[in-house]
Ligand SMILES: NC(=O)c1ccc[n+]([C@@H]2O[C@H](COP(=O)([O-])OP(=O)(O)OC[C@H]3O[C@@H](n4cnc5c(N)ncnc54)[C@H](OP(=O)(O)O)[C@@H]3O)[C@@H](O)[C@H]2O)c1
């Protein structure tokens, strides 16, 4: 069985697992279940935990539930990478990248997470009213106070990142975006570039994958097992994805891993060194997904999954 792959996260001094435990769905779990989920992740070699101020209700609920359930010792804390996000105002809803909002959100996360520092703070979704100088002022203050070590973005285009860089001096080390075998415009448009009659060939992110590779920004894949936007997993869904599940099950049998490991490996196999952000709260699925961290799908297998999901190889 393949172990957990770790790598030096470009732009940081962090050594990160390429599978991340996402904490968006833990609100209704018991503290025991949150502890079991965390232990399963750690035992599988996952050292990276993804949070956001807006996970759970009220604000910071999932961050606080996790911290209160796992009660990390200082040594345990040092061994982990804790990432969280700011910039969404759910009561609007709207986005707010003002200095005041970013700092208030980060302070709230520090308190909820019961930690002195956040390893990586992401801007959660692009704010149409972004003023790069405001973001820079917030990042500079949080960095100078030792409250945030590294910064990144989520759901951002290359142009939006370049705009931030006109004022932000810290490297933007991460961009977290939606990616699964069945939701792969990030990858698929480039494979069918410039084909006039094909929807797949439309670039929905303005060339983000190549941009991130060129600029050493690590992509993190959220909803790695969802069919589309929060509409259920494609895994085992023979109604919507019979062919894809046939290919996944065949490869799972070949490699002697659960199906979820193959879905994970489709992302980790990509040479962009992407990370997979798991959302499952189920310990068996977490352990199963971790088995896809370093599973070396061949080119033919990777493309067979891609074609079975409905994407064209022209
Ligand atoms: N940056 C952003 O904008 C953004 C947006 C969304 C999410 N995220 C992050 O990404 C993480 C993952 O998102 P996600 O939860 O949508 O991703 P996911 O891992 O693709 O989906 C997990 C969900 O699918 C369910 N599921 C049903 N059958 C499954 C199966 N056979 N295998 C695996 N899961 C199955 C899980 O239920 P069980 O729990 O019962 O297994 C869980 O509710 C979140 O926790 C969060 O950290 C970021």
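The values are calculated or read from the model by the stated rules, or taken from the named source; none is laboratory data. Bear in mind that the values here come from a model prediction, so they are computed numbers and not experimental data. A quick note on method: Cβ atoms are made from the backbone with ideal geometry, for glycine too, and the neighbour counts reach across all protein chains shown.
Details
- Any hit, the range 1-13, residues being at pLDDT 95 or above, within 13 Å of the ligand (Cβ to nearest atom) and either under 21 Å from residue 221 (Cβ atoms) or loosely packed, with under 15 Cβ neighbours inside 10 Å (or both): no
- Residue in the range 264-276 that is within 16 Å of the ligand (Cβ to nearest atom), touching a strand residue (DSSP E or B) at 6+ places or on another chain (Cβ under 8 Å), assigned to a strand (DSSP E or B) and on the phi < 0 side of the Ramachandran plot present: yes
- Across the range 227-244, the number of residues qualifying as surrounded by fewer than 19 Cβ atoms within 10 Å (Cβ to Cβ) and in contact (Cβ under 8 Å) with a residue 12 or more places away in the chain comes to 5.
- Residue 288 vs. criteria within 20 Å of residue 43 (Cα to Cα) and either within 16 Å of the ligand (Cβ to nearest atom) or crowded, with 23+ Cβ neighbours inside 10 Å (or both): yes
- Filtered residue count, the range 217-240, keeping only those that are in a loop (DSSP other than H, G, I, E, B), away from the ligand (no atom under 13 Å from the Cβ) and within 16 Å of the chain's Cα centre (by Cα): 1
- Condition met for residue 247 (part of a strand (DSSP E or B), crowded, with 17+ Cβ neighbours inside 10 Å and either away from the ligand (no atom under 12 Å from the Cβ) or in contact (Cβ under 8 Å) with a residue 24 or more places away in the chain (or both)): no
- Of all residues making up the range 137-154, the number that are touching a helix residue (DSSP H, G or I) at 6+ places or on another chain (Cβ under 8 Å) and either under 22 Å from residue 220 (Cα atoms) or at pLDDT below 95 (or both): 5
- Test: residue in the range 37-45 that is over 24 Å from residue 287 (Cβ atoms) and away from the ligand (no atom under 13 Å from the Cβ): no
- The range 16-31, residues that are away from the ligand (no atom under 13 Å from the Cβ) and either assigned to a loop (DSSP other than H, G, I, E, B) or without any contact (Cβ under 8 Å) to a residue 24 or more places away in the chain (or both): 18, 30
- Residue that is surrounded by the fewest Cβ atoms within 10 Å (Cβ to Cβ), among those in the range 152-171 that are within 16 Å of the ligand (Cβ to nearest atom) and touching a residue at least 60 places away in the same chain (Cβ under 8 Å): 154
- Test result for residue 36, assigned to a helix (DSSP H, G or I), in contact with a helix residue (DSSP H, G or I) (Cβ under 8 Å, 6 or more places away or on another chain), touching a residue at least 60 places away in the same chain (Cβ under 8 Å) and surrounded by fewer than 22 Cβ atoms within 10 Å (Cβ to Cβ): yes
- Within the range 298-309, the only residue that satisfies the criterion of being surrounded by fewer than 20 Cβ atoms within 10 Å (Cβ to Cβ) and not in a helix (DSSP H, G or I) is 298.
- Single unsatisfied condition, residue 182 versus (1) within 16 Å of the ligand (Cβ to nearest atom); (2) over 24 Å from residue 286 (Cα atoms); (3) in contact with a strand residue (DSSP E or B) (Cβ under 9 Å, 6 or more places away or on another chain): (2)
- Condition met for residue 134 (touching a strand residue (DSSP E or B) at 6+ places or on another chain (Cβ under 8 Å), buried (at least 19 other Cβ atoms within 10 Å of the Cβ), modelled with pLDDT of 95 or more and over 20 Å from residue 177 (Cβ atoms)): no
- Condition check for residue 258: modelled with pLDDT under 95 and more than 15 Å from the chain's Cα centre (by Cα): no
- Tallying residues that are part of a strand (DSSP E or B) and touching a helix residue (DSSP H, G or I) at 6+ places or on another chain (Cβ under 7 Å) within the range 50-91 yields 3.
- Which numbered condition residue 260 misses (of (1) part of a loop (DSSP other than H, G, I, E, B); (2) surrounded by 23 or more Cβ atoms within 10 Å (Cβ to Cβ)): (1)
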